[in-house]
Structures are given as structure tokens and as C-alpha cells.
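Sharing a structure with you now.
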Ligand SMILES: Nc1ncnc2c1ncn2[C@@H]1O[C@H](COP(=O)(O)OP(=O)(O)OP(=O)(O)O)[C@@H](O)[C@H]1O
Ligand SMILES: [Mg+2]
């Protein structure tokens, strides 16, 4: 069974007197352990699509299944719990909580779900070391560079061992070297822990390493032959 499957998903936005179809009848699936990259020009609907897939927004039509369960039919509470267990999400614009330190931000998915932080000590150390954040943990987001904020948001998305990680331009704000560290972390998670990854990216180094690449064009999603 696919870990993620969408059927005929449509998302439209009203912009003043016109309607923009950000996601237009999109059907695709992602298998467990697979690394999927989504490329495409600015405004083509990539962020909208992965936010729908992660249950962060609702489509006007279509079906979205996570491990066979239709999230588009779930109640708000049910979806919230399901997401807390299954999904990690790296937002394009980080969305860190401004009054929490880097460490508190990273631990947020655990505190939000009442989980025992002690059990995640090793995971925390691995993420913090790999992402080069060990001397920044007590800083507020406003005291961090854009790239550091991005790395905190990646650690936050991964701390609770999500079954499925969505990352929206996870290396967009990083220099070449930090972007390579992030790519290597993603590949390590995939190879060692069979982490399923869906990554929106302009970074061709990332797309080149993906198992499957899709291109979004004006709301349409099509596979790219590698
Ligand atoms: N909340 C919103 N309200 C109205 N229109 C929106 C909203 N969010 C996105 N859109 C529109 O939907 C379309 C797709 O936007 P989206 O952010 O998904 O594109 P993207 O591919 O992620 O672009 P980028 O590469 O610049 O991040 C765009 O035309 C955008 O203007
Ligand atoms: Mg986007």
C-alpha cells in the first residue's frame, strides 16, 4: 500500500475577482521508503500540494489517503492526532515560534503530544550534531540566521520519527556547504531508517538523488523521466 495517495485533488483560491487553480486534478502516490522530489516554477502550486497532502489545508475536491486512511474525511481532532504521529513538515518560511528557543522549538512536536522528552535524547543529539546547531540551542529564532532557522525547522520536523517527512525548499536559504549537510542528512535517514521523503526543491543536487521526480506546472503534476 502506498504511504501517500491522492486522487483528483483540486485546490482553488479566490484572488479578488478571479479564481486561481493552484492544484488541478492531481493524482499521484508515494511508496513507503521512497524519496520523491517535486520541482517546478514559482507559483506552480508545489507548496499548496504538499500542504494538502500533509493535512494542513483542505482541497475543494478529491481524495487524499495516508497509509490507506482518507484524511479528507477525518474530523479535526482525528486529523490532528494522526498528523502528530505520522507527519513531519518543514515549511518554506520556517514558522518557528518566536518566543521559544531553538531547543524548545525542536521539542515542540513532543511537548504538544505529551511525549517523554527523555526518550528522544539520542535522536535530538543526532539531529543537532548533523545540522550543526549545538551552540545555538538556547537562542531565540530572531537571534539566528535564516539558514540556522531553517535547520531548526528541519530538526523540529524530524524529532518525533515521522513516517512521512514533507520539506518545502529545505535548502532554499542555505549556502552550498550547509545545503550539502541537509541533503546528506536526508539521504542518511532514507538509507538507514527508510525515511519516506517528499521534498519540494529547486536544488538539482537534491532532485538528482530522488527516486522519483515530479514537475508541477500551473497546477498540473507530471512525472519527470530521469
Ligand atoms: N492563501 C492563498 N490565497 C490566494 N492565493 C494563493 C494562496 N496560496 C497560494 N496561492 C496562489 O496559488 C498558486 C500556487 O501557489 P504556491 O505557493 O503553491 O506555489 P509554489 O509552487 O509553492 O511557488 P514558490 O516556488 O514560489 O514557493 C499561486 O498562484 C499563488 O498565488
Ligand atoms: Mg512554495
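Coordinate-derived values only; no laboratory data. Not measured: the values here are computed from a predicted model. As a convention, Cβ positions derive from the backbone with ideal geometry for all residues, glycine included, and neighbour counts pool all protein chains shown.
Using Cα-Cα distances under 8 Å and only pairs 6 or more residues apart, what relative contact order does the chain have, in percent?
Numbers: 424 pairs, mean separation 66.8, N = 226.
Averaging sequence separation for qualifying contacts and normalising by length gives 30 percent for the chain.
Highest GNM mean-square fluctuation, the chain, Cα pairs closer than 10 Å: which of 69, 15, 195?
15
Residue 181 to residue 135: FRET efficiency via 1/(1 + (r/R0)^6), r the Cβ-Cβ distance, R0 25 Å, to the nearest 0.05?
Working: r = 15 Å, r/R0 = 0.61.
The computed FRET efficiency comes out at 0.95.
Suppose only helical runs count, i.e. DSSP H with n ≥ 4. What mean residue ellipticity at 222 nm does that imply for the chain under -39500 (n - 2.57) per run, divided by all residues and rounded to the nearest 500 deg cm²/dmol? Please report the intermediate quantities before stating the final value.
Details: 7 runs with 77 residues, N = 226.
Taken over the chain, the calculation gives -10500 deg cm²/dmol.
Over region 4-224, what is the percentage of antiparallel beta bridges among all DSSP beta bridges, to the nearest 5? Spell out each step's value before the answer.
Numbers: 21 of 39 bridges.
Here the share of antiparallel DSSP bridges comes out near 55 percent.
Also, I was wondering about something else. What area, in nm² and to one decimal, does the C-alpha convex hull of region 4-224 cast on average over all directions? Intermediate values should be presented prior to the final figure.
Working: hull surface 49.0 nm².
Average projection, Cα convex hull of region 4-224: 12.3 nm².
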